[in-house]
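To start, the structure under review is shown below, and the notes come after it.
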Amino acid sequence: MKIVISGFYGLGNTGDEAILKAIVDNLRAELDNPDITVFSLSPAKTSKEHSVKSVYRGWRHENKEKVKALRNADLLISGGGGLLQDTYPTKFLFGPLPYYLLIVLLAKLCGTKVMFFSQGIGPVTSKWGKFLMRAIANKADFITVRDEYSKEYLENLKVTKPETVVTADIVFAFKPTEDNVAYASLGLKGDKRLVAVAPRPWFDHEDEYIEKLAWVLDELIEQRGVMPVFVPMEPPYDTNVSKKVMAKMKNASKTRLLGDSFTPNEFYNFISRTELTIALRLHALIFAALSNVPHIGLSYDQKVESFLKRSGMWDRSFPLGDFTKEALLENALYVLDHGAETKEMIAPNVDVLRKEAVRNVDLLREQFLDGGR
């Protein structure tokens, strides 16, 4: 089967690169020798890292190659992740929403089947964005979404023609291999109690949450002797925010900042060694859940809240714009002091999510191979 994968790839975002690794690994595990091409901003790097064919994703060049890849393909996978949204300004042909939908339209014009794969939908608030969703997303042949919220959002956008099934984020089917590279880079001696911290920039609440987070981390260092380690999932943006948090801390010398050149597998293995992960980044939280590490999220988006409800940690987490430093500290201390019972609570929830993530590929096979469409 010849498959083209379209997403936010080759731009250095750890979450999206983890999505791509999970899709490729699971396609190879579940299908018979799939022929995979990825649209990427860094095609040479993507091709080398994943042993796939790769074509430049933007419109500036290699457009003939994109058309050729789609004409030769049996299926376009659009996803996963939060591709279909207009949080960032959406103009006539610019912004993520028009780009991904135009790739879908191009695939359909080439006679290629389309599957929206493990996607998180929204927000889509502009009139142009809503029009594009009705006009183009309804041309997809099949859709899986990573939470019930996304399915309801599609229905509200009048995207009702393709069958839509709720599964889970494909990263729950991530296939890690053991390595020690990220941890070893810190040069630590002895058994440190590590807390992973994965911040990100955000428009409205950045300065406020940075102040609160810095205070909480100082208190955790003083009260429990932990070492916070910042994990920049999307450098340089997360690296810069991490440095801002450290600049507000009185115990910054007792923290560490991971380098920004690690692979998703290396970040996963580091997070798996921590006692607690505090994060805005969705896939840092998913890495924690996958390795049965208790996690507290600061939700800047519905996708983060939806995940935390499914993992069982929403009661210990907060909306980004609505939490106090005292409450965050209280919950972080509780989780550190009750790690075993928290892990016991998380484990069965994650097992369900893992099975639902693998189901994305099972559904692909059913729809497009086993006597499907």
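The values are calculated or read from the model by the stated rules, or taken from the named source; none is laboratory data. Everything quoted here is computed from the prediction, not taken from an experiment. Heads up, the Cβs are rebuilt from the backbone with ideal geometry, glycines too, and the neighbour counts pull from every protein chain shown. Ligands, DNA and RNA are stripped out before the accessible areas are found, and what is left, the full protein with its side chains, is counted by its heavy atoms. Shrake-Rupley method; radii C 1.70, N 1.55, O 1.52, S 1.80 Å.
One table, with the values for the structure above:
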quantity	calculated
Options Ala332, Ala284, Ala327; residue that is out of contact with any helix residue (DSSP H, G or I) (no Cβ under 7 Å at 6 or more places or on another chain) and either open to solvent by less than 60 Å² (accessible area, probe 1.4 Å) or assigned to a helix (DSSP H, G or I) (or both)	Ala327
Given (1) open to solvent by 30 Å² or more (accessible area, probe 1.4 Å); (2) out of contact with any Phe, Trp or Tyr (no Cβ under 9 Å at 6 or more places or on another chain); (3) part of a helix (DSSP H, G or I), index of the condition Lys303 fails	(2)
Within the stretch 259-281, considering residues that are assigned to a helix (DSSP H, G or I) and open to solvent by less than 10 Å² (accessible area, probe 1.4 Å), the one farthest from Lys303 (Cα to Cα)	Phe270
Pairs with Cβ under 9 Å, 6+ apart, first in the stretch 220-241 and more than 16 Å from Arg256 (Cβ to Cβ), second among the acidic types (Asp, Glu) and assigned to a helix (DSSP H, G or I)	Arg224/Asp337; Glu234/Asp16
Any hit, the stretch 87-107, residues being under 20 Å from Leu369 (Cα atoms), in contact with a strand residue (DSSP E or B) (Cβ under 8 Å, 6 or more places away or on another chain) and of a type outside the set (A, V, I, L, M, F, W, C)	no
Enumeration of residues in the stretch 45-93 that are open to solvent by less than 10 Å² (accessible area, probe 1.4 Å), at pLDDT below 95 and either assigned to a loop (DSSP other than H, G, I, E, B) or among the hydrophobic types (A, V, I, L, M, F, W, C) (or both)	Leu83, Leu84
Members of the stretch 105-123 that are of a type in the set (Val, Ile, Thr) and surrounded by fewer than 23 Cβ atoms within 10 Å (Cβ to Cβ)	Thr112
Candidates Ile221, Ile143 - the one that is more than 27 Å from Ile77 (Cα to Cα) and among the aliphatic types (A, V, I, L, M)	Ile221
Tally, over the stretch 240-254, of residues that are within 24 Å of the chain's Cα centre (by Cα) and crowded, with 18+ Cβ neighbours inside 10 Å	3
Top-ranked residue of the stretch 335-373 - restricted to ones that are of a type in the set (Gly, Ala, Ser) and more than 20 Å from Val293 (Cβ to Cβ), ranked as surrounded by the most Cβ atoms within 10 Å (Cβ to Cβ)	Gly372
Where a residue in the stretch 31-45 is more than 11 Å from Leu20 (Cα to Cα) and its partner, wherever it lies, is open to solvent by 60 Å² or more (accessible area, probe 1.4 Å) and of a type in the set (Val, Ile, Thr), with Cβ under 8 Å and at least six apart	none
Candidates Glu211, Glu222, Glu206, filtered to the one that is open to solvent by 10 Å² or more (accessible area, probe 1.4 Å), among the charged types (D, E, K, R), modelled with pLDDT under 95 and closer than 26 Å to Lys325 by Cβ	Glu206
Which numbered condition Asn292 fails, given (1) outside any helix (DSSP H, G or I); (2) touching a residue at least 40 places away in the same chain (Cβ under 8 Å); (3) open to solvent by 60 Å² or more (accessible area, probe 1.4 Å)	(3)
Hits in the stretch 16-28 (condition: of a type outside the set (Val, Ile, Thr), in contact (Cβ under 8 Å) with a residue 40 or more places away in the chain and either surrounded by fewer than 24 Cβ atoms within 10 Å (Cβ to Cβ) or within 14 Å of Ile77 (Cα to Cα) (or both))	Asp16, Lys21, Ala22, Asp25, Asn26, Leu27
Hits in the stretch 181-195 (condition: at pLDDT 95 or above and more than 15 Å from Lys254 (Cβ to Cβ))	Val181, Ala182, Tyr183, Ala184, Ser185
Some residue of the stretch 170-192 being touching a Ser or Thr at 6+ places or on another chain (Cβ under 8 Å), open to solvent by less than 30 Å² (accessible area, probe 1.4 Å), part of a loop (DSSP other than H, G, I, E, B) and under 23 Å from Ala289 (Cα atoms)	no
All positions within the stretch 228-248 that are under 19 Å from Arg193 (Cα atoms), touching a Phe, Trp or Tyr at 6+ places or on another chain (Cβ under 8 Å) and not in a helix (DSSP H, G or I)	Val229, Val231
Matching residues, the stretch 315-324, being open to solvent by 20 Å² or more (accessible area, probe 1.4 Å), touching a residue at least 12 places away in the same chain (Cβ under 8 Å) and within 15 Å of Tyr300 (Cβ to Cβ)	Phe318, Pro319, Gly321
